[in-house]
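One structure is given below, encoded as structure tokens.
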Amino acid sequence: MRTSSSLTSMKALPGFASLFKPRSARVFSPAASWLLVMPLLAVFAIGFLYPLAKLVDLSFSEGITATYGRLLDDPLYADVLLTTAAVALSVTMAAILLGYPVAYAMARARKRTAFIVAACVFVPLWTSVLIRSYAWIVLLQRNGIVNTLLIATGLTDQPIKMLYTQGAVTLAMTHVLLPFVILPIFSVLRTLPDDYIRAARNLGAGPARAFFLVTLPLSLPGVFAGATICFVLALGFYITPALVGGPGSMLMPTLIGQQTTVLVDWPFAAALSTVLLIMTLLVVILFRKTLSVQKGFGSVH
Amino acid sequence: MFIDRYSPPSHLIAPDEVSKAMSNSQLARSIAKLAAALSIGSILFFLVLPTLLIIPMSLSQTDYIRFPPDGLTLRWYVAYFSDPDWMAATWFSLKIALATTVSATIIGTMAALALVRGDLPCRNALQALSLGPMIVPHIVLGVALYLVFSPLQLTGSFTGFLIAHTVLAVPYVLITVIAALQRLDPMLELAALNCGASRLQSFFRIMLPNIAPGIASGSAFAFLASFDEATVAFFISDIGGKSIGRKMFEDIDFNLTPVIAAASAFMVAISIGLMCLAHTLTQARTQR
């Protein structure tokens, strides 16, 4: 028993030497562990923590009233904040409604079908968000494909304005975030034993009853995880609303983008960014039990 | 197969009634199945449509899409590959993505080892911090990085992009490698140590080959996290150094031509090719 003997000899060692001796053969020594995380801590200090601290600091640089006071005074900003939350919520709802059946098919279908379904889920995930937003512009613009089809089939005789509206933003964002909802639901459904459903059916439940009383409740952890990821990502989404949305559909990220690129008001942009950051962190902290990012991405391969 | 105790025994019902009831419920079931297949099919179509649309867009003769297309041409690809601006942005992005892959894979794998097997006092806090870049909105990080990089003249520079994209890519490596390490039985390593292997030997001969598929797929994700990234790149690019994402964003906003579709097709081909490669590598490893 090498492990236990090294453990007992450890206790006799003085503090400094214990840094270099592992507590057991299963773990690295404290010194080695710190050496291994050091590069990560260094890069994160330079490229993550320090910039965020500087951002928060800048938002206070002209006094609280100049930035946060203005945010509270003008109802426009509260409005944008509410719209952002509302759009994120509707995107999340739509993504769950559309994503659940796909996740179910991916988990339950026979090998070949499941492969096709999985390919359809992964191909958009590997397509840059920019490219997908561009495709939605081509689809939805005034002389775009959707309008051409609508006119050709006689449903309308005038092209409908779809691009640069809130609806277009919601549609394109739902499309972009759908895989992030499908994967966590899929990873839970996949581990669900078939026996449970078979047992329910044997006891006399119809297919619908077995689904609503057995499969659905057991898959809820995946649904909640996917919903939280989707909501958090939707809150901070910039590219799609910036390209597909218009001036009438201002969201927090596009407002920040406007403040930095058009109005060049960095302290106010920093204040808006801080608000968005706090909002996101609050959601994550509130729902951290449901959020198992690892579960969702563990299933990627 | 289950027995319905509440319906009368079958010999009390007329045979044709049974067959009618049977065919009715069978018909209802097959209609439901068809409806389910159709609705799932249309959601899948919705998912892949924008990506698939890139191909006809990049080949169309007119500058807008038409169905049926008037004719096919490769001139947008020629335009993409001969435009110095697009090529500069593409090379810049590829260089950054490759460097990011290397740095994020090394840093992420080391940190994953420490988080799973290490002796650290605040492991949960460290893990939460290391996944932070996935949660913090990219626009917030983009603005923050600009504020730091701009006075140091790191905007538009290789170093600036490398730092920013490494931060963004590390979580992907960390997640896949942590998952691989958790699947690995620690007893294997203990056995190697017991048989007289040193720590380093057991790491290179036992642990590394076993977690290699996880590292491979993590590095593929790291490459894409950098190459497909556009929000942070939007803020830390400048006239001298532009990533392909920033160039594409500008063109979509101001200069909407099918050259964008040709560039997109090129990017999607790289992404999907890379993912298929990572997938086959992982498959080959796990089957062995």
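Quick notes
- Nitroxide proxy distance, nm - points 7 Å out along Cα→Cβ at B:Ala37 and B:Ala125: 5.7
- A:Ala114-B:Cys195 pseudo-label distance in nm [points 7 Å out on the Cα-to-Cβ vector]: 3.4
- In a DSSP loop and with at most 11 other Cβ atoms within 10 Å, there are no trypsin sites (Lys or Arg not before Pro) in the range B:35-136.
- Rounded to the nearest 20, the size of the Cβ-charge dipole of the protein assembly as shown about its Cα centre is 2400 debye, with Lys and Arg at +1 and Asp and Glu at -1.
- For the protein assembly as shown, with +1 on Lys and Arg beta carbons and -1 on Asp and Glu, the positive-most of A:Ile160, A:Thr83, B:Ala112 along the dipole: B:Ala112
- Cβ-based net charge around A:Ile116, under 14 Å, with every Lys or Arg adding one and every Asp or Glu removing one: +4
- Cα gyration tensor shape of chain A, rounded if a/c is under 1.5, else prolate or oblate by comparing a/b with b/c: oblate
- Sites B:Val102 and B:Phe45 - FRET efficiency at Förster radius 41 Å, r taken between beta-carbons, to 0.05: 0.60
- Computed FRET value (nearest 0.05) for B:Gln283 with A:Thr65, which takes r as the C-beta separation and R₀ as 56 Å: 0.40
- For the range A:89-123, the set of trypsin sites (Lys or Arg not before Pro) satisfying both a DSSP loop assignment and a count of at most 12 other C-beta atoms within 10 Å is given as A:Arg110.
- Prolate/oblate/rounded call for chain B, Cα gyration tensor, a/c under 1.5 rounded: oblate
- Tensor-based shape of the protein assembly as shown (alpha-carbon gyration tensor, a/c under 1.5 rounded, otherwise prolate or oblate): oblate
- Listed residue (B:Ser157, B:Pro209, B:Thr73) projecting farthest to the positive dipole end of chain B, Cβ model: B:Pro209
- Close Lys pairs in the protein assembly as shown (alpha-carbon distance under 29 Å; sequence gap of 8 or more, or different chains): 10.
- Between the residues B:Pro84, A:Asn147, A:Cys120, the greatest Cα displacement towards the positive end of the dipole of the protein assembly as shown, with unit charges on the Cβ of Lys, Arg, Asp and Glu, is found for A:Cys120.
No lab work stands behind these numbers, since they all come straight from the coordinates. Being a predicted model, the structure only gives us computed values, none of them experimental. Cβ: placed from backbone, ideal geometry, glycine included. Neighbour counts: every protein chain shown.
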